[in-house]
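The values are calculated or read from the model by the stated rules, or taken from the named source; none is laboratory data. The structure displayed is predicted, hence computed values, not measured ones. Counting neighbours? That spans all protein chains shown, and the Cβs are built from the backbone with ideal geometry, glycine included.
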Amino acid sequence: MLETARYEASRRVRGTVVLTVALSLYVAFIVWYYTVLEGVDYDQMLESMPPALMDAFGIETMATIEGFLGSQIYNFVWLLALGLYFAYVGGGLIADDIEKDRMDLLLSFPVSRARLLAEKVASLLLPLVTLNVVIAVVTYALVLAIGETIDPVDLALVHLLSIPYLLVCVAIGVVCSVLVDRAAIAERAALGVVFALFLVESVVGGASDFEWLQYVSPTYYYEPTPMLINGTYDLADTGVLLALFAILLLGSQLLFRRRDI
């Protein structure tokens with residue numbers, strides 16, 4: 001059982017290692033840069049920034065290590081960059097095999113289309129979980145190394161609760177992947193949808209006339225900066241993300257079963 005998931009996961013080991021090392025180096029740079037900026041008047045600097053930009057990147061304060069990490073790493077890398085990355089990867093899961101004529105071979109084995117798709121999605125748990133575990137440990141160790149402190153529980157929650165959000169980004173990519181035959185189109189469509197949803201929540205959703213639009217964006221239900229600074233989170237938001245992931249996954253399975261390969 002789960003032969004497809006194991007095989008697909010084994011193909012992602014090298015990429016996972018490279019991405020994990022790259023993000024670890026980025027975290028190291030950000031933590032080091034925080035020490036370089038010691039003594040800077042952050043309040044004055046933030047006053048000159050547009051409110052829309054501060055909302056977009058979750059900037060509440062940069063005077064503490066929690067606020068600095070939240071704005072420079074978690075709202076930028078975890079929320080936007082990794083969201084786009086996993087949407088992009090999800091966009092190629094099915095469409096790439098169809099485009100390269102591998103799907104007929106895969107479906108010749110005694111496995112349903114729904115199970116094949118689910119196992120391909122499951123293979124992405126390898127990079128998703130690895131990144132969250134390793135970066136959480138690296139971040140905590142580096143913060144302690146510069147003489148600062150950060151609540152390990154809050155940091156762990158930031159990473160743990162990011163998993164449902166990133167799964168939704170994967171599912172958005174998968175829906176695009178089962179709708180078209182060319183991987184490049186599916187990947188670009190997934191990138192566009194996730195980025196548009198990010199803008200909807202961070203920019204358009206802030207306008208009083210369009211406030212309701214923010215509820216359609218998955219980024220509304222995952223806010224890492226308040227978790228780091230205040231330790232505040234809402235498990236109901238996590239439930240919404242998990243439900244949205246399940247709906248998108250089931251919808252993509254239904255579309256995949258009905259489409260002609």
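Does R182 meet the test of being among the charged types (D, E, K, R) and under 19 Å from A87 (Cβ atoms)? The answer is yes for R182.
Of the residues making up segment 6-22, those that are touching a helix residue (DSSP H, G or I) at 6+ places or on another chain (Cβ under 8 Å) and more than 11 Å from A122 (Cβ to Cβ) are R12, V13, G15, T16, L19, T20. Residues that are in contact with a Leu (Cβ under 7 Å, 6 or more places away or on another chain), at pLDDT below 95 and either among the acidic types (D, E) or at positive phi (or both) are absent from segment 136-150.
Here V134 meets each of (1) free of Cβ contacts under 8 Å to residues at least 40 places away in the same chain; (2) surrounded by fewer than 21 Cβ atoms within 10 Å (Cβ to Cβ) with one exception, condition (1). Of the residues in segment 139-151, at least one is touching a residue at least 40 places away in the same chain (Cβ under 8 Å) and surrounded by 23 or more Cβ atoms within 10 Å (Cβ to Cβ). At least 2 residues being farther than 30 Å from A183 by Cβ and either modelled with pLDDT of 90 or more or over 16 Å from the mean Cα position of the chain (by Cα) (or both) is the threshold, and among the helices (runs of 4 or more DSSP H) wholly inside segment 28-112 those reaching it are 42-47, 51-56, 65-69.
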